1. Name the shape class, rounded, prolate or oblate, that the alpha-carbon gyration tensor gives for the range 156-209, where a ≥ b ≥ c are the square roots of its eigenvalues, rounded holds for a/c under 1.5, and otherwise prolate holds if a/b is larger than b/c and oblate otherwise.
2. Would you pull out the residues with amide H under 5 Å of THR56's amide H, same chain only if 5 or more places away, H placed 1.01 Å from N?
3. With a Förster radius of 45 Å, plug the Cβ-Cβ distance of ALA21 and LEU185 into 1/(1 + (r/R0)^6) and report the FRET value to the nearest 0.05.
4. For the chain, what Kirkwood radius comes out of the mean inverse Cα-Cα distance, in Å?
5. Residue separation times 0.36 nm, minus the C-alpha to C-alpha distance between GLN228 and GLU89: what's the value?
6. Considering only PHE44, PHE258, PHE58, give the residue with the highest GNM mean-square fluctuation for the chain, with springs between Cα atoms whenever their separation is below 10 Å.
7. Count the DSSP beta bridges whose two residues both fall in the chain, then state the antiparallel fraction as a percent rounded to the nearest 5.
8. Can you tell me, using C-alpha contacts under 8 Å and at least 6 residues apart, the relative contact order of the range 76-197 as a whole percent?
Amino acid sequence: AAKAAGKGTFRFFEPEMHEAARERQLMESDLRVALEKGQLRVVFQPSVDASSEAVTGFEALIRWDHPEHGPVSPALFIPLAEEIGLINEIGEWVLRTACAEAVKWPQQVSVAVNLSPVQFKAHALPSTVRSVLSDVGLAAKRLELEITEGVLLSNDEHVHDMIDSLKKIGVKLALDDFGTGYSSLSYLLRVPFDKIKIDQSFVRGASDPESRNAALIRAMVGLASDLQMQTTAEGVETQDELLLVRNLGCSLVQGYIFGKPMPADEALELAAKASPVKPDGFTRARE
Ligand code: C2E
Ligand code: MG
Ligand code: MG
Ligand code: MG
């Protein structure tokens with residue numbers, strides 16, 4: 001269509017393309033500077049037990065406040081960091097920062113860190129995780145690593161070796177954004193995840209009787225519980241959504257209804273209030 005419209009169309013698009021490329025280049029160098037100058041931050045979003053509403057953990061989420069452009073979404077700059085080879089460094093910084101906060105929290109409160117597929121391919125990952133844990137003095141079982149299906153797409157030996165090595169360290173593994181990818185269920189659920197996180201696209205509108213999302217969530221929870229995996233409902237915003245995911249048997253809930261991602265000092269305050277899990281808490285959560 002552009003060609004049919006004649007040469008002028010190209011001239012019209014050209015400056016925009018240059019602009020996009022230029023902006024990207026600026027963004028690249030700015031991201032390096034941000035990492036060096038400490039302009040990146042980590043915020044923490046609580047996860048709560050669906051029945052007792054006690055805080056069970058926090059997910060670490062990276063933030064970048066660009067000095068001129070303001071906040072840049074991680075959905076934008078993480079892929080950029082992957083492309084320009086900065087993700088391993090950024091990822092290790094997030095891991096260390098998050099674990100260093102978690103040691104200040106009560107022992108039953110865990111920390112979750114997102115891993116990029118690129119980090120997952122790095123052979124050094126298990127030794128990085130081990131040294132971060134020992135440097136900051138955090139028990140391995142209090143760290144949960146979140147991976148997406150993208151990590152598992154290359155069905156090769158390396159992926160399985162990596163999962164084995166991480167499990168041997170004693171960290172927990174969660175499958176993030178469950179249900180949004182293209183992997184087969186049987187393949188996904190052969191990986192020994194401790195938890196699956198049901199993507200917020202299923203939660204949104206699930207309380208609408210017309211929606212089929214409730215049936216989908218019910219099926220996911222059933223599968224997970226048969227496989228001894230916990231389930232987190234992501235992105236729960238309303239009371240209706242909360243009641244629904246609770247009734248559908250999700251063990252944990254994360255979303256604006258219980259707290260937006262918050263700075264470390266606020267997370268510490270909230271974590272300190274977290275009452276110890278009741279003795280029957282774990283069994284109930286898995287029913
Ligand atoms: P994610 O890991 O699935 O994180 C959940 C996202 O949903 C977060 O967005 C969070 O702020 C948002 N969220 C939580 N509750 C609600 C809610 O009730 N409603 C709505 N509308 N949104 C909610 P955020 O922080 O912008 O992060 C986006 C994605 O960027 C993350 O998705 C994750 O894939 C990636 N990401 C963030 N931090 C890191 C990091 O340190 N490393 C890596 N590799 N990826 C990261
Ligand atoms: Mg996540
Ligand atoms: Mg998610
Ligand atoms: Mg996501």
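1. Working: a/c = 3.65, a/b = 2.07, b/c = 1.77.
Verdict is prolate for the range 156-209.
2. Excluding prolines and chain starts, which carry no amide H, the hits are SER47, VAL48, ASP49.
3. On the way: r = 40 Å, r/R0 = 0.89.
Working from the Cβ atoms, E equals 0.65.
4. On the way: mean 1/r = 0.0489 Å⁻¹.
Mean inverse Cα-Cα distance, inverted, gives 20.4 Å.
5. Numbers: separation 139, 0.36 × 139 = 50.04 nm, distance 3.37 nm.
Contour length minus the Cα-Cα distance gives 46.7 nm.
6. It is PHE258.
7. Values: 16 of 37 bridges.
Here the antiparallel bridges make up roughly 45 percent for the chain.
8. Working: 144 pairs, mean separation 27.9, N = 122.
It rounds to 23 percent for the range 76-197.
Values in this text are rule-based calculations from the coordinates and carry no lab data. Keep in mind it's a predicted model, so treat the numbers as computed, not measured. All Cβ positions, even for glycine, are placed from backbone atoms using ideal geometry, and neighbour counts span all protein chains on display.
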